[in-house]
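K.L.:
Structure below; questions to follow.
FYI, it's all coordinate maths here, none of it is from the lab. This is a predicted model, so every value here is computed, not measured. No Cβ is skipped: glycine too gets one built from the backbone with ideal geometry, and neighbour counts run over all protein chains shown.
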């Protein structure tokens, strides 16, 4: 491990370097690896640093030698250490993290995970979302990804004035420069601990809580760039959309990835996490010509040089899913994503963060073999998971991207 003083020195040098490069107009992206990194042939990078932001791949619980500790709490510790090793490889630490996603395959281990998390994360935790899912690669029971910023002092925890603060509670959001990273907000009433009785009101309550956090940061729903609705029953998708659409301007909605999962915190049936941008003049909806405006999701939102693309599946615009073949669906998914990238003036070489949702983890190796062929100039950071046990949907996979315009553009 790097000592804390060394980490602080590295962070200071990194910030100074970034500032110098920004002034010279030669800021570029870099692959960041931990000091104990062992090269592998898998199609993702440990992390991508672009500007002052580090995008970290999902980390499981195996150490650098491929060994997995015995016992779940030891696995959580190793998982967090793997994340920390990458952060330190970029001159950062947990204090620099602004957004974190935790994926669990056994929801009964939620409390055990939380115990280790709060013992480890430090005094400046990120916004966080915890999801119960179906499966992870390499027999992992936990995986964690995150976004971090070089200057930890730029972080500010955002709390609505009336919300109660207590130890070991995720901040509702983290503001870093002009980006707001929001923790998952569900429908539980903070005062009573109860949820509205019907799903439509649960969606509304969760979106109102989202709005309260945004308002505390001087923003509104209009500022949202990227939203992830997570629900535990995809049959309620249309009800979700009917309520959700009422909060946004038609054709100018955030990028979105709607994902069914196995379980959510606090007995919620719907939660929302997301990223918002303070400066509306930098926000632009990306609309490829073959994808008509939607009341619930823009194909993507460009915020300055950062592109947040909605999750895409292997549908053909105007026709839907036309084949059950996994590889053909994946090729169409990448084509749909590329349409959004190209409309924003970027391409696959600019992708920094990728999340791959598989209907079945058995397709992991097939996905990797084909996925790698689309990236010619290095791989983005990536997280892969099987989000639910759904067998009914025709969609074999979904993928969402964050991309950042390179200096060359």
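K.L.:
Need the failing condition index for residue 372 against (1) surrounded by fewer than 23 Cβ atoms within 10 Å (Cβ to Cβ); (2) touching a helix residue (DSSP H, G or I) at 6+ places or on another chain (Cβ under 8 Å); (3) outside any loop (DSSP other than H, G, I, E, B), just the number.
P.N.:
If we test residue 372 against (1) surrounded by fewer than 23 Cβ atoms within 10 Å (Cβ to Cβ); (2) touching a helix residue (DSSP H, G or I) at 6+ places or on another chain (Cβ under 8 Å); (3) outside any loop (DSSP other than H, G, I, E, B), just (2) comes out false.
K.L.:
Okay, moving on. For segment 106-143: of the residues being in a helix (DSSP H, G or I) and in contact (Cβ under 8 Å) with a residue 60 or more places away in the chain, which is nearest to residue 159 (Cα to Cα)?
P.N.:
To start, the set of residues in segment 106-143 that are in a helix (DSSP H, G or I) comprises 107-120, 137-139.
Now narrow it down to the ones that are in contact (Cβ under 8 Å) with a residue 60 or more places away in the chain: 107, 110, 137-139.
Values: 107: 27, 110: 24, 137: 35, 138: 38, 139: 37 Å.
Within segment 106-143, the match that is nearest to residue 159 (Cα to Cα) is 110.
K.L.:
Identify, by number, the condition in (1) assigned to a helix (DSSP H, G or I); (2) closer than 25 Å to residue 236 by Cα that residue 188 doesn't meet.
P.N.:
Among (1) assigned to a helix (DSSP H, G or I); (2) closer than 25 Å to residue 236 by Cα, the lone unmet condition for residue 188 is (1).
K.L.:
Suppose we filter 340, 318, 304, 378 for residues that are within 25 Å of residue 146 (Cβ to Cβ) and free of Cβ contacts under 8 Å to residues at least 40 places away in the same chain; which single one remains? Break it down into steps so the answer makes sense when it comes.
P.N.:
On the way: 340 fails: free of Cβ contacts under 8 Å to residues at least 40 places away in the same chain; 318 fails: within 25 Å of residue 146 (Cβ to Cβ); 378 fails: free of Cβ contacts under 8 Å to residues at least 40 places away in the same chain.
Unique residue meeting the criteria: 304.
K.L.:
Go through segment 345-369 and give me each residue that's more than 14 Å from residue 404 (Cα to Cα) and not in a helix (DSSP H, G or I). Give the steps one after another, and end with the answer.
P.N.:
Initially, segment 345-369 is screened for residues more than 14 Å from residue 404 (Cα to Cα), giving 355-369.
Within segment 345-369, 355, 356, 357, 358, 359, 360 qualify.
K.L.:
How many residues does segment 315-344 contain that are in a loop (DSSP other than H, G, I, E, B) and over 22 Å from the mean Cα position of the chain (by Cα)? Before you say what the answer is, go through the steps one by one.
P.N.:
So in segment 315-344, the residues in a loop (DSSP other than H, G, I, E, B) come out as 315, 317-319, 321-325, 344.
Filter once more, keeping what is over 22 Å from the mean Cα position of the chain (by Cα): 315, 317-319, 321-325.
So the count comes out to 9.
K.L.:
Separate question: So residue 271 clears everything in (1) part of a loop (DSSP other than H, G, I, E, B); (2) under 18 Å from residue 355 (Cβ atoms); (3) touching a helix residue (DSSP H, G or I) at 6+ places or on another chain (Cβ under 7 Å) except one condition, right? Which one?
P.N.:
(1)
K.L.:
Quick one: residue 396 ticks every box in (1) more than 23 Å from residue 99 (Cβ to Cβ); (2) surrounded by fewer than 20 Cβ atoms within 10 Å (Cβ to Cβ); (3) in contact with a helix residue (DSSP H, G or I) (Cβ under 9 Å, 6 or more places away or on another chain) bar one, so which box is it?
P.N.:
Failing condition for residue 396: (2).
K.L.:
Something else: How many residues are out of contact with any helix residue (DSSP H, G or I) (no Cβ under 8 Å at 6 or more places or on another chain), in contact (Cβ under 8 Å) with a residue 40 or more places away in the chain and part of a helix (DSSP H, G or I) if we restrict to segment 242-264?
P.N.:
Going through segment 242-264 one residue at a time, the tally reaches 1.
K.L.:
Scan 276, 206, 297 and give me the residue that is part of a loop (DSSP other than H, G, I, E, B) and either within 21 Å of the chain's Cα centre (by Cα) or buried (at least 18 other Cβ atoms within 10 Å of the Cβ) (or both). Quick ask: steps written out before the conclusion?
P.N.:
Working: 276 fails: part of a loop (DSSP other than H, G, I, E, B); 206 fails: part of a loop (DSSP other than H, G, I, E, B).
Among 276, 206, 297, only 297 is part of a loop (DSSP other than H, G, I, E, B) and either within 21 Å of the chain's Cα centre (by Cα) or buried (at least 18 other Cβ atoms within 10 Å of the Cβ) (or both).
K.L.:
Okay, moving on. In the set 98, 83, which member is outside any helix (DSSP H, G or I) and farther than 25 Å from residue 267 by Cβ?
P.N.:
Details: 83 fails: outside any helix (DSSP H, G or I).
Of the residues listed, the single one that is outside any helix (DSSP H, G or I) and farther than 25 Å from residue 267 by Cβ is 98.
K.L.:
Identify all residues within segment 33-49 that are within 20 Å of residue 356 (Cβ to Cβ) and in contact (Cβ under 8 Å) with a residue 40 or more places away in the chain; write none if there are none. Spell out how you get there, then give the answer.
P.N.:
From segment 33-49, those within 20 Å of residue 356 (Cβ to Cβ) are 40-48; that's our starting set.
Listed by number, the residues that qualify are 42, 43, 44, 45, 46, 47, 48.
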